[in-house]
Structure formats: structure tokens, C-alpha cells
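Inspection log for the structure reproduced underneath, given as C-alpha cells.
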Amino acid sequence: MRQTYLFYWKANLLTGILLALGLGLLNQPAVAQEHEEINLYNTAVDVRVGGRYFQRQCSRCHGADAKGTDETGAPDLTGTISRASTDFGIYNIIRKGIQGTAMLPVPADTPDPKVWQLVAYINSLRINPANIDLTGSPDAGQSLFTSKGSCSDCHMIGGTGGRRGPDLSLVGQRLDPDELKIAMTNPDELVDPRWWTMRITQKNGSVVEGLRMEEDTFSLRVIDENADLWSFRKNEIQSYERVETSTMPSYTQTLTEGEIDDLVAYLFSLRKDN
Amino acid sequence: MKRLLTLLLISLATVALAQDLNDAPVTPAFSPVTWDRLVNASDEPENWLTYSGTQNSQRYTRLDQVDISNVTDLELKWSYQIPVIDRAETTPLVVDGIMFITESPSNVVAVDAVTGRQYWRYDYELPEDLRICCGRNNRGVAILGETLYMSTLDAHLVAIDARTGNLRWDTEVADYAKGYSKTAAPIIVKDMVVTGIAGGEFGIRGFIDAYDAATGERRWRTYTVAGPGDPNVSSWADDSWKIGGAPTWITGSYDADLNLVYWGTGNPAPDYNGDVRLGDNLYSDSALALNGDTGEIEWHFQFTPHDEHDWDAIQIPILADIQFQGRQRKVMLWANRNAFFYTIDRATGEFLLGTPFAKQTWASGLDSKGRPIVLPGVSPTYEGVLVSPSIGGGTNWYSPAYSPKTELFYVNSYDGEHKYIKRDEEYEEGQRFTGGGFESVQPIDNYYSAIRAIDPGNGEIKWEFPIQPRSSAGIMATSGGLLFSGSVDGYFYALDANNGRELWHISLGARVHSAPMSFAVDGKQFISVAAGNVVYTFGLKE
């Protein structure tokens, strides 16, 4: 991202200097306008056309649901785009590709509207917080998080809390309100492999149990409930077992529906811009 | 006195080196690689003369200095950093201590195989508007005499002087603007360069070509999609053969006794929507045996008729002579992307056996001719249907190996699955034409992956070594009783080829996407592999 910016900044400067030379004055607003490109192809029809083009040109790597694929290393495009923060930034990624990666530019003869329609489609995958009405109260959620819910025993937000669950500081960018609710009511539904439990039997028969920090072909790392880190070579242990359920309890019994809504509202507000 | 002499020699050598640097870059002289030497490449294991090591593509070296007892003494001797950042899928060649490495996107360098220092480099200039499906790769060169032959991403074949890196000729194989490209190492057949083509996701019509090694003129072309004049054109509804795909994007093999060239073909186009190309779609997803002089198809064996899951038969055909049911037979061994392993008579194309070697949910088995008995409900739908193997397959293009010592076939396999989705799509020249897509349903860690050792006499899996999370690396077997391979988690490792026991591993820090090879200089064995953007070379501690 920084590289792209640097490049445009330089281009800006150059254009600015040329303009200044040509017109004898520094025409800043015009320059700024030129590069604050906005997407003129942003209607529902554009989104649909862009979606079709996406299926054809991009889904092979990014997946039909745009959630990315491990096979190709193409990232999830339904959340935050890490290499761009504006429409024009996304436009540039599609137009120019990402140097040195499998992400190639679209064919040079692809007309501009088509690229913008892709941008519109990618934007449509992201939830726009402004369009979502939540019943719960973020403030009430925030206090539940550290009090009755004891969520902070396991989760960190803004640097305070436990380590037995994922950091939730920016969880509102990653999950939509429905997904947040499912995380609390049915934690086993989709457990990231990072949060599986590993039960390792050592050669001397003793058992270590902990969260799966990392597993590769030859080694294993787990963190136990005392937050102690254990490292093993697979050929030096007797056996290991994976438990693919969540260690987070379901809150359907312990919290009321209203309290869950409050927590959802609070967690959903946890985004970079807030 | 002796000390003084050494010093003198060193300073003389330094002067010589300095002079070399001022002259035009050139490699030391090496003995030209004749056709005879290529046929008998296994007799000179100190050199690695073809992509797969020998014409039978066993990726097996007769070098045995590194063996089960001393493999833990391997250490890094040198590494070569490829300047263009992409992923290296190259297998280098070595001739008399000179190594030729291809780089992304379509470059080649010659380096000293003992030090990794560069002699010369050749940079091929590519057009800006390339259309390629799967990354900017080049997997290797072929050599004949003192000339290297390399595929380029814009679908050219170039001949390069192996001593200097100068271009000898440059032939356009196909028009890249129509979606053709080239990534695989060619093979030499007598005085010809035989080579395939990529572009199966763009509705091309695949082929295998032979070019005059001296001039670059085309000698023959064999289409891998049956057309008019071939009765098998009836395996394509209407005019669908015209954009039928069946690319040939990996390297083939050759049997000098039978004068047959063996090559695998890729998926029919569009990949996931078979409605627009009813029929078996010959010769997609097949093994072809071509006459070495004329290119005529002598026999074909189709692994996946009317494929709708992108299960290319783009694997390296391994040729071996084995005992099969009490009889010595010339066979071809093939672990296919469709998750079945096949033993085929390579003289006639007769199907001998086929068994699943990875998880599959699409066929109840193979019939007596080797044709899959397809289960109902596995065709892609608009909503998506869950099928094993995954789009990447039970295995893929990465080289398997065969050891005549253990008589086992080795393959990196993956027990995955995908949701396969169908779409209606119009063909547009030069545009992606897949007719669908796929979705992952679970994280990759949920699936099982392993190197499997298969007995080609009965298809049984003799042992397996689990890989976490998976591998897209090739395998090399050695006369020292070892198997070398790598994984996406960045390991390079050695196993006991007899039983899969783990012997040695090293973390190279980036995905191993290439196949290992071995060579020797001055009686010392080396093993090389590319990982990330680096070629690493290992040897025993002195």
C-alpha cells in the first residue's frame, strides 16, 4: 500500500510542478480532484455485471464466494482490503496487479467501466455499517463484556483481557452481526484451526493439552490453560489428538437475548474507523 | 615453499577470474549433450540432463553417496536468489558442473554447480498484456548439444546457446493473445524439441508440437482435441471441439525402444459446465502415446471422460519395467488428479489396474477397461455440489517418482474436497472460459495429505507419511534408499524410501513448489531444490 501511495504522491507532485510551470501557479485543487477518483459505475446493475465478471476472471483464485482460497493464496475480499483503502486503490490493484504475486492485472484492453464494476462488486461484499440497524446497546454490551459475560477472561480488546481466545479489537471488521451472534450462541459451528485443542501424549505417558498455536509437518506448538507454551517435534511424542470443537462456552443459557444483542452491538462497533 | 606455491596459484586464479569478468560471460567448456547421452542419461548420474532426470521420468538418481546412514550430515552448500519475485517451480539441469536454472517469468541463468555463482543470464522480454491462469512460472529447460530450449509465457519456444546465453532462435508456438502460454520444460526426441501448451482456462485447442532443434521450424503438430478427419470428433457435441481445451502444460516422457512419446492432456473447456460439450471429449484428460517421428497418436487412454471438475491428466508419465502378475511388462504408472492410480501397458495402452490413492467420492470404481463408473449427483450445479477430490485433485502436476530399487511409486496426495459450481458462460476469444467455479467449505487444516508409496503391481498403498497441511512439491528417489520432497509449510526433507521413516528435514522458510534433483561434481553428490524464490543446494559435511 505504501508503495502505491508513494507512487501517486510522486505523480501528483510531478503533475503539480508541470501545471505550475505551465500555468505559472500551483493548481492544487485540480490535482487533488484528478486523483480522488470516484466510482461512477456503482448501481445495482453494475454490481451484478461486476459480479459476473468476477466469477469469470477472479473466482478461480479468490473463490466463487470471494472468500479466498488456500490453494492459490488469494485473500478473502469480503472483509477489509488490506492493500487499498479507497475505491481508486482497489481499481489500481485490479488494473495493475500486485507486483511479484499471482495477482496479475486484468488484460490491458479491459475497458475502464468493467474495472469499476468489479470495484463496485467487491464493495458490495462488504457490509456497510451505516446501513445496519442494531437493537442492542453498545454501551451495555461493553460493560457486559467485562462483567457478567466474563468475556475478557479469554478475549483481549485494546490490549487488555485474556489470551485464551482471539483478540476482538477489530472483530467488527471481520464478522457481521449474524456471525457475531452465532459465535456466542453456537461457538462450535466454525472453529478456526488455530483454536482447536490438541491433546499430546508424550513418550513417558504424560499428557499435555492446549490450544493449537501451530502445526506443521514436523512440529507442534500449543498453549495450555496456564498460558504456558509447549513445543514438540512430532517424532519425539507418542501420539496426538485434535479436538476440533471450541473451548468457548455457548451463552444461550447464561445470557438473555437482550444481553446478547447488546454484546453484538458492542462487538460490531469495534472497527478501525471507530 | 608449498605455502608460497599455493599463494601464487591463488593469485593467478584471481587474475584469471578477474579477466573472465571483463570478457563476455561464458561457461567453461562442457561435452555437448548428444542424443545418445540423453537416451542413456541414467548411466551418467553426475549429470541431470532432462527435467525429470531421464527419459522414463522416474526422477530417480543412481547416485548413492548420500544414503540412509549419512543423510543427517547434509548441509547447505549454497543458495541462488532469483531476482524476480514469484514462485520458483524450476528443476535445474546440470551438465559437467554447470547448472541451468529457469526463473520467473521466462529467464534462464547458468551458474557454477559447486558455488552457485553466475556465468551468464538470459532475460526474455515479454509483452505487457499476457493472459495466464496460474502465475508466472517456468519449470525448466531441455538441452541438446550445446543448446538449451525453453518455453516462454507468451507461448514462444526459444533456443539459447548454453555456453553464452545468446539467443539462437525464437519461434512463436501459438498466439498468446488467444490465451495460449507455455511454462513447462520441453523434451528432446532425436533432433527435435517436443513441447506442450497451456491455456485450458481460455478455450484454446490444445496440441503437442515438435520443432527442428537446429532451426526452430515445426516438424509436426498433434492436436489433443479430436477434429474433422478424426472419428473421435464425435465425442464432442456440435462444434464444441473448436474450443475444447485439453492443454498439455507439463513435460512428457519418451521410450526410445518403442519410439513413443508419452504426454498427458488437461481438462476440456469450459472446465465446469459440460452441458455445452456433451460426449467423452477426446482426448482431454488422457494419456497419449505419439509416434516419435510423425506425432501420430498410436494409442490413447482417457482417465476422466467428459470431465466437469478440472481434473487434468497433467502428470508426468512414469515409465517402468516391472513384474506384473508374474510377467515382465513395460508399463506406464500414473497417479491422476481424479484420485485414481493406474498401471497401463505402455506399448499398447491396455489398462492393467486402477485403484483410488486419495479420497474420492465421484466414482464407484473403474470398469475392466479402466473407465470410471461415475456416481450420480457429482456434476457441478448452479448451487454447488460437494465432491472429492478437490479442484487441485488427489495430486497435480508436481512430479511423482519411482524407485527401481524398492519397486514403489511415490506421490504427494491430498484428501480434499470442494463445492463445484456451474455457470453459463459464452466463449470470448482470449477471455477466461471456465463455466463455473468452486468454493472451499472448510479450512485446509481439516484435510489430510500424505506422501504415499504405491505398489504398481496391485495398486496397494504400502506406506504413507503425513504432511501438514499439504504439498505441491515433486519427489526424487535415490539409489541411496532415500526420498526427497518438500511441503507448503516450507520444509525440505528426506524419508526412507522403503518404509517412509522420517530421516532428515530442514525448514527453508517458503513453500517448496518444485521437484528436487541430484548431481555430482568431482565425486561429491549434491541435492538441489527450489523453495520460495531461491534454489538451495545441499551436500554432505566435509
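The values are calculated or read from the model by the stated rules, or taken from the named source; none is laboratory data. Values in this document were obtained by computation on a predicted structure and should not be read as measured data. As a convention, Cβ positions derive from the backbone with ideal geometry for all residues, glycine included, and neighbour counts pool all protein chains shown. We work out accessible area using only protein heavy atoms, side chains counted, and drop any ligands, DNA or RNA first. Shrake-Rupley method; radii C 1.70, N 1.55, O 1.52, S 1.80 Å.
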How many residues, within region A:46-66, are aliphatic (A, V, I, L, M) and facing another protein chain (nearest Cβ under 9 Å)?
1
Failed item in (1) more than 11 Å from chain A (Cβ to nearest Cβ); (2) surrounded by fewer than 21 Cβ atoms within 10 Å (Cβ to Cβ), with B:W397 passing the rest:
(2)
In the set B:G430, B:G436, which member is at positive phi, crowded, with 24+ Cβ neighbours inside 10 Å, among the small types (G, A, S) and at pLDDT below 90?
B:G436
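I'd like the full set of residues that are outside any helix (DSSP H, G or I), open to solvent by 40 Å² or more (accessible area, probe 1.4 Å) and touching a Lys or Arg at 6+ places or on another chain (Cβ under 9 Å), limited to region A:253-267.
First pass over region A:253-267, keeping only residues outside any helix (DSSP H, G or I): A:253-256.
Checking which are open to solvent by 40 Å² or more (accessible area, probe 1.4 Å) leaves us with A:253-254, A:256.
Of everything in region A:253-267, just one residue is outside any helix (DSSP H, G or I), open to solvent by 40 Å² or more (accessible area, probe 1.4 Å) and touching a Lys or Arg at 6+ places or on another chain (Cβ under 9 Å), namely A:T254.
So, B:S368, is that one part of a loop (DSSP other than H, G, I, E, B) and at negative phi or not?
Numbers: part of a loop (DSSP other than H, G, I, E, B): yes; at negative phi: yes.
Yes, satisfied.
Taking the conditions exactly as written (of a type in the set (A, V, I, L, M), surrounded by fewer than 24 Cβ atoms within 10 Å (Cβ to Cβ) and touching a Gly at 6+ places or on another chain (Cβ under 8 Å)), does B:A210 satisfy them or not? Please lay out each step first, then the result.
Details: of a type in the set (A, V, I, L, M): yes; surrounded by fewer than 24 Cβ atoms within 10 Å (Cβ to Cβ): no; touching a Gly at 6+ places or on another chain (Cβ under 8 Å): yes.
No.
For region A:218-238: of the residues being of a type in the set (G, A, S) and open to solvent by 50 Å² or more (accessible area, probe 1.4 Å), which is modelled with the lowest pLDDT? So that I can check it myself, show each step before the final result.
First, the residues of region A:218-238 that are of a type in the set (G, A, S): A:219, A:227, A:231.
Next, from what is left, pick out any that are open to solvent by 50 Å² or more (accessible area, probe 1.4 Å): A:227, A:231.
On the way: A:A227: 83, A:S231: 97.
Step by step, filter region A:218-238, then rank; the result is A:A227.
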Can you find, within region A:187-208, the residue that is farthest from the other protein chains (Cβ to nearest Cβ) among those that are surrounded by 17 or more Cβ atoms within 10 Å (Cβ to Cβ) and closer than 15 Å to B:P443 by Cβ?
A:W195
Being at pLDDT 95 or above and within 14 Å of chain A (Cβ to nearest Cβ) is the requirement here; does B:L375 meet it?
no
Which listed residue is touching a Leu at 6+ places or on another chain (Cβ under 7 Å), of a type outside the set (A, V, I, L, M) and within 30 Å of A:N42 (Cα to Cα), from A:G89, A:G141, A:G149, A:G172
A:G172
Return the total of residues in region B:506-529 being modelled with pLDDT of 95 or more, under 23 Å from the mean Cα position of the chain (by Cα) and open to solvent by 10 Å² or more (accessible area, probe 1.4 Å).
3
Apart from one, (1) open to solvent by less than 40 Å² (accessible area, probe 1.4 Å); (2) within 13 Å of chain B (Cβ to nearest Cβ) all hold for A:L211; the odd one out is (2)
Check whether at least one residue in region A:165-185 is touching a Ser or Thr at 6+ places or on another chain (Cβ under 7 Å) and hydrophobic (A, V, I, L, M, F, W, C), and report yes or no.
no
With the requirement that a residue be away from chain A (no Cβ under 14 Å) and of a type in the set (D, E, K, R), what does region B:458-515 give you?
B:E460, B:K462
Being surrounded by 17 or more Cβ atoms within 10 Å (Cβ to Cβ) and either part of a loop (DSSP other than H, G, I, E, B) or among the hydroxyl-bearing types (S, T, Y) (or both) is the filter here; which residues of region B:223-233 pass it?
B:Y223, B:T224, B:V225, B:A226
Just to be sure before I move on: is B:A347 out of contact with any Cys (no Cβ under 8 Å at 6 or more places or on another chain), in contact (Cβ under 8 Å) with a residue 24 or more places away in the chain and open to solvent by less than 10 Å² (accessible area, probe 1.4 Å) in the structure I sent?
no
Residues that are outside any loop (DSSP other than H, G, I, E, B) and more than 8 Å from chain A (Cβ to nearest Cβ), drawn from region B:437-455:
B:Y448, B:S449, B:A450, B:I451, B:R452, B:A453, B:I454
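So, B:G252, is that one of a type in the set (G, A, S), touching a strand residue (DSSP E or B) at 6+ places or on another chain (Cβ under 8 Å) and at pLDDT below 95 or not? It would help to see each step written out before you state the result.
Working: of a type in the set (G, A, S): yes; touching a strand residue (DSSP E or B) at 6+ places or on another chain (Cβ under 8 Å): yes; at pLDDT below 95: no.
No: the conditions fail for B:G252.
Take the residues in region A:104-116 that are outside any loop (DSSP other than H, G, I, E, B) and open to solvent by less than 30 Å² (accessible area, probe 1.4 Å); name whichever of them is nearest to the other protein chains (Cβ to nearest Cβ).
In the first step, residues of region A:104-116 are kept if they are outside any loop (DSSP other than H, G, I, E, B); the result is A:112-116.
Of the ones still in play, those that are also open to solvent by less than 30 Å² (accessible area, probe 1.4 Å) are A:115-116.
Details: A:V115: 14, A:W116: 18 Å.
Filtering first and then ranking leaves A:V115.
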Name the single residue that is nearest to B:P105 (Cα to Cα) among those in region B:180-222 being part of a strand (DSSP E or B) and of a type in the set (S, T, N, Q).
B:S181
In region A:80-103, what count of residues is obtained for those that are assigned to a loop (DSSP other than H, G, I, E, B) and buried (at least 18 other Cβ atoms within 10 Å of the Cβ)?
4
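Would you pick out the residues in region B:157-192 that are of a type outside the set (S, T, N, Q), under 24 Å from B:A41 (Cα atoms) and under 16 Å from the mean Cα position of the chain (by Cα)?
In the first step, residues of region B:157-192 are kept if they are of a type outside the set (S, T, N, Q); the result is B:157-163, B:165, B:167-170, B:172-180, B:182, B:184-192.
If we keep only those that are under 24 Å from B:A41 (Cα atoms) as well, we get B:157-163, B:165, B:184-192.
B:A184, B:A185, B:P186, B:I187, B:I188 - these are the residues of region B:157-192 that are of a type outside the set (S, T, N, Q), under 24 Å from B:A41 (Cα atoms) and under 16 Å from the mean Cα position of the chain (by Cα).
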Does at least one position in region B:414-428 carry a residue that is within 8 Å of chain A (Cβ to nearest Cβ) and small (G, A, S)?
no
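With respect to B:N273, is the statement that it is open to solvent by less than 10 Å² (accessible area, probe 1.4 Å) and over 22 Å from B:E89 (Cβ atoms) true? Steps first, answer last, please.
Numbers: open to solvent by less than 10 Å² (accessible area, probe 1.4 Å): yes; over 22 Å from B:E89 (Cβ atoms): yes.
The answer is yes for B:N273.
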Check B:R423 against each of (1) among the basic types (K, R); (2) closer than 18 Å to B:G500 by Cα; (3) at pLDDT below 95 and name the one condition it does not meet.
(2)
